[in-house]
Amino acid sequence: MSGLTGSLLTAADLAAIRLTLELATATTLLLLLLALPLAWWLARSRSPWRAPVSALVTLPLVLPPTVLGFYLLVLMGPDGPLGRFTQAMGWGLLSFTFTGLLIGSVVYSLPFAVQPLRDAFEASGRRPLEVAQTLGATPWQAFRSVALPLARPGLVTAGVLSFAHTIGEFGVVLMIGGNIPGRTQVVSTQIYGHVEGMDYASAHTLAAVLLLFSFGILLGLALLGRRRMRVLP
Amino acid sequence: MRLPSMVLTLVATLLAGPCAAAEVAVAVAANFTAPMQRLVPLFEQQTGHKVLASYGSTGKLFSQISNGAPFEVLLAADDETPARLERSGGAVTGTRFTYAIGRLVLWSRQPGVVDGNGEVLRGDGFDRLAIADPRLAPYGAAAVQTLRSLGLFERLQPRLVMGESITQAHQFVATGNAPLGFVALSQVYADGRLTEGSAWVVPTQMHDLIRQQAVLLAKGRDNPAARALLDFLRSEPVRAVIRQSGYATD
C-alpha cells in the first residue's frame, strides 16, 4: 500500500493525511468531552437559559465556514480577546498553530456533537433515572451506569459526525491555518492547493485516497455502533 | 396609428446594435481588487456598459474558466495563465497585453517597523512572515525569490505562513496575526502613497518581473463591452490611475 501511494502521493500529501487524522481524532475526543455535559444539561434543564444556549450551540451550522474562520482569525489575533489572553499568558497567538485549528474545529463541529447526544438523552426520558434514584444511585452513578449506556447510539453518532466533519473541514482551516506543512496543512487545503496550482493529477489522487479512507472508517464505525446496540438487552 | 409607430420605435432600438449598453463579466486577480473597484465606475460612466467583476486568485479563476465559467475578460496576476488560455483556445489570440507590472512590498501595519532597506528581515523581531503560496500566486513566488536573493530563505522558512492568495497574505498581516508580510504594493497604496503602516518596496531585480496580463476570453469574443474594457485599460489616463494604485506600467 505504501509503495503504491508513495509514488502517487508526495511527502507533503502524506504529512497532510497524518495531520488531518490527528486533528479529527483530537477534535472528536475533545468535543465528546465538552458535548456530554452540555447535551446533558440541555436535555434535562428547566432553566430559561436553555433556548439561548441551544441557539448559540447551533450557530456554527448557520455561519459559512469561511466567515466563521475569519472571525476566529480576528478573535485569535492581537486585537481580539482570545489573542490578547493568550499573549498575556505568554502563549503567543493561536493562529497558524495546531491548537488554533483544534479550537476552530471544536467550534465548527460543536452542533454535530451536541445535537445527537441531546436527542439521545431526551429520548431515554426521565423514567430510567428516576428508577435509579429510587434504588439509591447518586446523580453521577445514575449518569454513568444508566443514562450514558442508554445514549450510546447518540454517542456513536456524535463521534462519527464530529470525526467526519473535521476531516472535511476546509473553510475554517483555510482562514486560520496558514498552510504550514506538518502543522496546519490538512488534506482539504492540500487538495485545494493542488487544484489552484493546476496539478490536477495530485488533486485527484489525494481526493480518492481521502474518500476511500474516510468511507472505510465511517463504515467501520457505523457497524461498530450497530453491533453494540444488539448487545444491549 | 399609435401601435405601428411604437413597434417601429422598438424595432429601431433593437436594431441599434453595438451602440446599446452591454454587460461584461470580468475575472480579476485578487491583488488588483482595489484599483479595479476604482476603475469600474469610471468605465461604466465613460462607456455606458456595465461591469460584473469577480475577484479571486488567478489559479482559481483559471480552473473556473477552463470549466466553463461565464467570464469574458481575464485580468490575471501573471502572464503565464493568459498564455495558457490562449494555447488551449479559452482565450482569443492576439488580445493579450500587460495591463500592470506588480510591485512586491514587505509590509507591517505598524509604522516604523519596516525600514527602507528591508533590514528588519535579518533580525528576530518577528515570529511569523506572511506570504502568498508561491505555487498559486506570482507575488508569493516573487516573495520566495526575494528571500533567496537576500540569502534569507533557509533561515526564515520555518517562520513562513502561507495565504492561499495575496489577499489572504494581506489579511494575516492586517489582522496582526503575522507582524510582517510580503504583499502587493497595490494593497497598501492609494493616491500615490502608503495607506498605513511601514513598508519596503522590493527592488525589481530581486525577483522575476510580475507582468500582469489581461486577455479577451473566448466567451467574450463577440461582446463589444469586453473589447471596450480592454481598450479602456490600455488608455493613458487609466494607466496613470493604475500607477497611482501601486503598479508600474510598460
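Put simply, the Cα atoms of the range A:11-158 extend 54, 40, 31 Å along their principal axes, the longest span coming first. Cβ-Cβ distance of A:L29 and B:D208, R₀ of 35 Å, FRET efficiency by 1/(1 + (r/R0)^6): the value works out to about 0.15. Structure remark: mean-square fluctuation, Gaussian network model of chain A, C-alpha springs under 10 Å; the largest value among A:T25, A:T97, A:T134 belongs to A:T134. Among A:T166, A:T138, A:T86, the largest mean-square fluctuation in a Gaussian network model of chain A (Cα springs under 10 Å) belongs to A:T138. When Rg and Dmax are taken over the Cα atoms of the range B:104-201, they come to 11.9, 36 Å.
The calculated FRET efficiency for A:I217 paired with A:S145, based on their beta-carbon distance and R0 = 25 Å, is about 0.30.
For the range A:101-164, dividing the convex hull volume of the Cα atoms by the residue count gives 78 Å³ per residue. Under the simplified labelling scheme, the A:D79-B:M6 pair shows an inter-label distance of 5.6 nm, with each label point 7 Å from Cα along Cα→Cβ. For chain A, the longest principal axis of the alpha carbon atoms and the long axis of helix A:187-196 meet at an angle near 30°. Of the residues B:F232, B:Q213, B:W200, the one whose Cα sits farthest towards the positive end of the charge dipole of chain B is B:F232 (charges of +1 on Lys and Arg Cβ, -1 on Asp and Glu Cβ, taken about the Cα centre).
Summarising the label geometry, the points placed 7 Å from Cα in the beta-carbon direction at A:T10 and A:Y71 lie 3.5 nm from one another. Would the protein assembly as shown count as rounded, prolate or oblate if I go by the C-alpha gyration tensor, calling it rounded below 1.5 in a/c and otherwise prolate when a/b exceeds b/c, oblate otherwise? It comes out prolate by the Cα gyration axes. Model label sites at A:A51 and B:S88, defined 7 Å from Cα along the beta-carbon direction, differ in position by 5.3 nm.
Where the convex hull is taken over the Cα atoms of chain B, what is its projected area averaged over directions, in nm²? Answer in nm², one decimal: 15.6. Entry note, the protein assembly as shown: the mean residue ellipticity at 222 nm calculated from DSSP H runs of n ≥ 4, each adding -39500 (n - 2.57), is -17500 deg cm²/dmol after division by the residues and rounding to the nearest 500. Within the range B:104-201, antiparallel bridges make up roughly 60 percent of the DSSP beta bridges whose residues both belong there.
Values in this text are rule-based calculations from the coordinates and carry no lab data. What you see is a predicted model, and the numbers here were worked out from it, not measured in a lab. Heads up, the Cβs are rebuilt from the backbone with ideal geometry, glycines too, and the neighbour counts pull from every protein chain shown.
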